[in-house]
1. Is at least one residue of segment A:214-236 out of contact with any helix residue (DSSP H, G or I) (no Cβ under 7 Å at 6 or more places or on another chain) and under 30 Å from A:N163 (Cα atoms)?
2. Only one of A:V191, A:V249, A:V235, A:V212 is aliphatic (A, V, I, L, M), surrounded by 15 or more Cβ atoms within 10 Å (Cβ to Cβ), assigned to a helix (DSSP H, G or I) and within 9 Å of another protein chain (Cβ to nearest Cβ). Can you tell me which?
3. Go through segment B:213-270 and give me each residue that's of a type in the set (D, E), surrounded by fewer than 17 Cβ atoms within 10 Å (Cβ to Cβ) and touching a Pro at 6+ places or on another chain (Cβ under 9 Å).
4. Scanning for something aliphatic (A, V, I, L, M), touching a residue at least 24 places away in the same chain (Cβ under 8 Å) and within 14 Å of chain A (Cβ to nearest Cβ), does segment B:184-201 turn up at least one residue?
5. Evaluate the following for B:D89: is it at pLDDT 95 or above and crowded, with 16+ Cβ neighbours inside 10 Å?
6. Tally up the residues in segment A:274-285 that are surrounded by 21 or more Cβ atoms within 10 Å (Cβ to Cβ) and out of contact with any Phe, Trp or Tyr (no Cβ under 7 Å at 6 or more places or on another chain), please.
7. All but one of (1) within 14 Å of chain A (Cβ to nearest Cβ); (2) in contact (Cβ under 8 Å) with a residue 40 or more places away in the chain hold for B:A267; which doesn't?
8. Test B:P124 against the stated conditions and say whether it is farther than 30 Å from A:A257 by Cβ, more than 18 Å from the chain's Cα centre (by Cα) and surrounded by 14 or more Cβ atoms within 10 Å (Cβ to Cβ).
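The values are calculated or read from the model by the stated rules, or taken from the named source; none is laboratory data. What you are looking at is a predicted structure, and each value in this text was computed from that prediction instead of being measured. Here the Cβ positions follow ideal geometry from the backbone for every residue, glycine too, while neighbour counts run over all protein chains shown.
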Amino acid sequence: MLGQTPYQPKTWIGRWLEKRLPVISLVVDQFVSFPTPKTLNYWWTFGMVLSVMLIIQLITGIVLAMHYTPHASMAFDSIEHIMRDVQYGWLIRYMHANGASFFFLALFIHMFRCLYYGSYKAPREVLWWFGVLILLTMMTTGFTGYVLPWGQMSYWAATVITNLFSAIPEYGDEIVIWLLGGYSVDNPTLVRFYSLHYLLPMIIAALVAIHVWALHVVGSNNPTGIEPKSLDETVPFTPYATMKDIFVVAVFLLLFAWFLFFQPNYLGHPDNYIPADPLKTPPHIVPEWYFLPFYAILRAVPDKLGGVVAMFASILVLFLLPWLDWSRVRSGTFRPLFRLFFWILVADCILLGWLGAKPAEGIYVEIAQFATIYYFAHFLLVLPLLGLFDRPKRLPESITAAVATLDEKKAAAAEQAALERVMRAQDAEDRAKAGDTATAEETAKADDAAKPEPAAEAPAAGEPPGAEPAAATEDASDVQREKAAGERGSAAGAPDKKD
Amino acid sequence: MTSKLISAATCAALALVLTTATTPAKAAGESLKPPSQYWSFSGPFGRYDQAQLRRGFQVFREVCASCHGLKYIAFRNLGEPGGLEFTEDEVKAIAAEYTVQDGPNADGEMFERPAKPADRWPPPFENDVVGALANNGVAPPDASLLAKARAAERGFPSFVIDMFTTHQEAGVDYIYALLTGYEDEPPEGVEIADGLSYNPYFLGGNAIAMVPPLFDEAVEYEDGTAPTIDNYARDVAAFMMWAAEPKLEQRKFIGVWAFLYLAILGALLYLIKKKIWRRVGH
């Protein structure tokens with residue numbers, strides 16, 4: 001993108017390699033000089049967080065596989081062997097188990113960022129599709145991995161989820177038997193889940209490569225949702241984006257460490273420390289937290305097949321998102337009504353997650369049905385209609401213009417504050433001179449209390465005509481736009497040095 | 001701004017729904033919530049109380065071990081750091097008090113011999129069926145993991161607060177509550193089958209197959225700790241936590257340093273990032 005000059009290796013060996021395999025220029029062009037919009041805010045750092053989590057999962061997983069035994073009668077014991085006898089086995093295993101949770105946490109943040117800033121819109125549809133494919137693959141990987149410790153929850157989660165396929169008309173039962181490798185979850189199921197759990201991360205890695213490729217073709221979206229028009233509006237990926245990303249990775253790992261070292265079993269279920277028992281069903285079968293919203297949707301539909309369809313549809317609908325949300329304004333920053341519904345969707349997803357952990361009975365079912373209907377309504381009704389009814393705010397011409405407006409506002413605010421201070425000081429001085437009974441200092445204090453008055457007067461007195469009235473009508477929501485468009489994306493409010 | 005307000009209101013409404021929907025209502029057959037106890041090993045700086053672990057081990061050996069196994073614990077574990085830390089000789093002596101099956105020998109026969117430190121804790125019953133026959137029809141579960149495998153649901157808002165206080169002691173709270181919670185007579189209207197006992201904390205529905213195991217002065221403590229049910233339950237619960245999580249001290253010790261390291265690293269990275277971005281005009 002954006003007329004970037006390709007890198008030429010400077011050493012003879014670099015040039016030699018470049019002619020045979022242009023890997024140096026690939027790395028430099030894609031990960032060093034790659035132009036990144038200046039205004040990216042911290043929500044754009046989760047791609048790097050996800051890459052780091054993927055690497056952590058791969059490394060810990062490979063080590064765990066060296067000590068784990070995929071057999072129905074030995075799997076549970078081998079986990080305890082890892083926890084007790086393998087050097088730092090507890091660390092590797094807790095890292096892998098909690099790592100899955102934090103992988104999903106980062107993924108959800110990453111996806112909601114896309115939803116808010118319209119990152120799925122043209123020309124990024126394919127990039128978005130591959131993201132959704134990664135979500136699907138990660139869910140399968142997470143599920144197969146959860147079965148491997150062969151505890152009660154592992155066993156019964158496997159039973160419940162594989163049984164979903166029996167809802168398929170006509171061939172359902174055969175498909176379930178084929179999936180399980182028998183009539184119920186048993187050793188063949190465990191071994192094939194283990195095999196898949198080792199295979200799927202390779203597929204995730206491949207999908208991630210394509211995802212990054214697609215990203216580097218179209219470039220990053222940014223909080224304004226306006227494409228950068230020149231290299232001036234971008235910064236090289238390294239060191240600017242990399243440095244910011246690495247900082248966030250450290251903060252994210254801090255949160256990860258809090259759970260990993262001090263409450264490694266908080267996110268798990270106690271029942272999974274009971275060895276799998278096909279004859280004893282746990283009172284509540286609950287999936288891991290990251291599946292809870294989907295589980296709630298599954299159980300909300302009274303019909304089995306309907307539930308399965310709804311659950312899969314809740315993810316598949318995301319593939320259509322670029323066309324369901326057809327508004328030409330990309331970023332939620334400029335769409336007040338869209339923004340409202342975005343937050344309602346977030347609340348709805350959290351509500352679904354909470355319902356997924358509750359037993360499917362009584363009032364919970366009704367709330368879950370309502371929340372499920374709302375979830376689909378958001379994508380199938382609200383978003384298309386918002387294209388008609390949302391009144392987007394006037395878009396800035398370019399990223400530079402958006403930032404400039406922000407700068408002007410900041411400067412104007414600073415000027416006004418300075419003006420007020422001067423006026424108040426003068427006022428106090430005047431009164432003191434006039435020989436009021438109160439001292440000047442007290443007057444100043446009293447003026448502080450009556451602040452709104454001078455504040456209201458100030459603009460009329462000191463502002464250049466035209467600049468302020470327009471801003472005043474756009475008022476508070478405008479301030480919010482600036483916040484999203486500029487402040488978060490800029491160097492965390494670092495002073496401007498632009499000439 | 002308005003939309004922010006409305007979204008905040010939505011969240012508030014949601015929170016209200018959450019709290020009202022989770023107001024505890026104790027229906028018949030539901031178990032009581034175990035109250036939180038003080039544990040020396042809670043929190044990021046928690047450590048096992050070695051004397052307590054040894055007392056708990058004594059209670060386990062003299063009372064619980066007649067029915068409950070401890071299969072993931074080998075005698076050598078009793079000498080490991082961050083636990084009971086018996087000396088090598090003490091571990092050998094303890095192991096020698098137990099017999100384990102070994103073999104086959106040169107004649108093809110299985111034989112019994114005194115345990116060595118490398119041996120695992122021998123099972124109390126040949127198999128679960130024998131265990132169930134001897135215990136009101138329910139095989140006593142292995143005790144090695146119980147402190148992590150049992151817990152009453154914490155509910156809202158505790159489960160949110162727990163994230164910040166690193167509460168991981170729901171299992172031991174439960175064990176303590178269960179051991180001290182037996183009631184001689186079930187409340188009116190509650191029928192308990194023959195041989196079972198009434199315990200309002202029991203997760204499996206108030207009628208428990210384990211007969212009240214502890215009595216005052218059932219175990220003679222050597223360190224002067226009062227020989228009460230309360231102390232026995234507390235000590236054996238702590239011991240069971242160690243049995244379930246023998247690397248807890250190592251984990252928390254590394255954790256504190258890892259956390260500090262990441263915090264300082266994060267702060268430094270932030271400063272570098274800030275300095276780099278200062279070059280950019282925008």
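1. no
2. Testing whether each residue is aliphatic (A, V, I, L, M), surrounded by 15 or more Cβ atoms within 10 Å (Cβ to Cβ), assigned to a helix (DSSP H, G or I) and within 9 Å of another protein chain (Cβ to nearest Cβ) leaves just A:V249.
3. Passing the criteria: B:D216, B:E217, B:E220.
4. Looking through segment B:184-201, none of the residues is aliphatic (A, V, I, L, M), touching a residue at least 24 places away in the same chain (Cβ under 8 Å) and within 14 Å of chain A (Cβ to nearest Cβ).
5. So B:D89 does not fit the description; no.
6. 1
7. (2)
8. yes
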